[in-house]
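The next block holds one structure in the form of structure tokens; read it before the comments.
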Amino acid sequence: MTLARAAAVALTRDGLADQLTAWLQALPRSPVQALGVNVGGEAVARTLADALHAVGCPVQWHTAQARTLGLVNGYREPRRLGADRWLSLVGLWAHPRHRAVPGALPGTRILATFGTATTVDTLTADGRFAGGLILPGVQMMLDSLARGTAQLPLAGGAAADFPDHTDAAIMSGVLAAQTGAWCASAVWRSNTSRICRCTWPWPAAPGRPSARSLRGR
């Protein structure tokens, strides 16, 4: 396994310590420092830190700040912003496509992330995180309908323009809610370019693009 191939890895919460240890042992050389962003709770942080400490690798945890690399955090209490959201915004702000050519990407940027929760965050052209939305993610919406109603199933399958069965009706409604959140953020602000980072496999209606195909628009 080369270091480049080992640079990206997905681990699950169950058996996290064993998975991380096995991954670290498979690296061609041991890491000397780790930069961490954690929104999984203290237990996850301890597990990660202990596994890395065992191979002599200290962890430097990053949290939201009032300002990082010139990006201003507009949250009322900056440190209460999720570290994952903040670092994603910092990455967008610092990206060469955004910064290398003055005026190359004018206007507000929208960063949407679809995971357990969906977040839709706004980055202004002058380098300020203006605020954002948090709503239940796709799977959480599907699960809540299945658990909280007497007869609705845990839906699967594809969305449709005019759903003619329950699964499609649920899926279409959930995806409409997700899409509406980041479309609303874009409509509220003029001259907006959208960036969509999708981490959930959205089904596409026939002839319609999936969410993954919307990235970078």
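Listed values, structure above:
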{"item": "Unique residue being over 20 Å from G131 (Cα atoms) and either in contact (Cβ under 8 Å) with a residue 12 or more places away in the chain or in the same structural domain as I134 (by TED's automatic domain parsing) (or both) when the list is A10, A17", "result": "A17"}
{"item": "Search result, residues across the stretch 46-72 that are closer than 12 Å to L89 by Cα and of a type in the set (S, T, Y)", "result": "T68"}
{"item": "Out of A43, A22, A17, A49, sole residue that is in a helix (DSSP H, G or I), crowded, with 16+ Cβ neighbours inside 10 Å and among the small types (G, A, S)", "result": "A49"}
{"item": "Unmet requirement for A158, which otherwise passes all of (1) touching a residue at least 24 places away in the same chain (Cβ under 8 Å); (2) under 21 Å from the mean Cα position of the chain (by Cα)", "result": "(2)"}
{"item": "Pairs where the first residue, in the stretch 58-73, is of a type in the set (K, R) and the second is outside any loop (DSSP other than H, G, I, E, B), C-beta under 8 Å, 6+ apart", "result": "R67/N73"}
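The values are calculated or read from the model by the stated rules, or taken from the named source; none is laboratory data. Just so it is clear, the model here is predicted, and its values are computed rather than measured. Glycine gets a Cβ as well: all are built from the backbone with ideal geometry, and neighbour counts include every protein chain shown.
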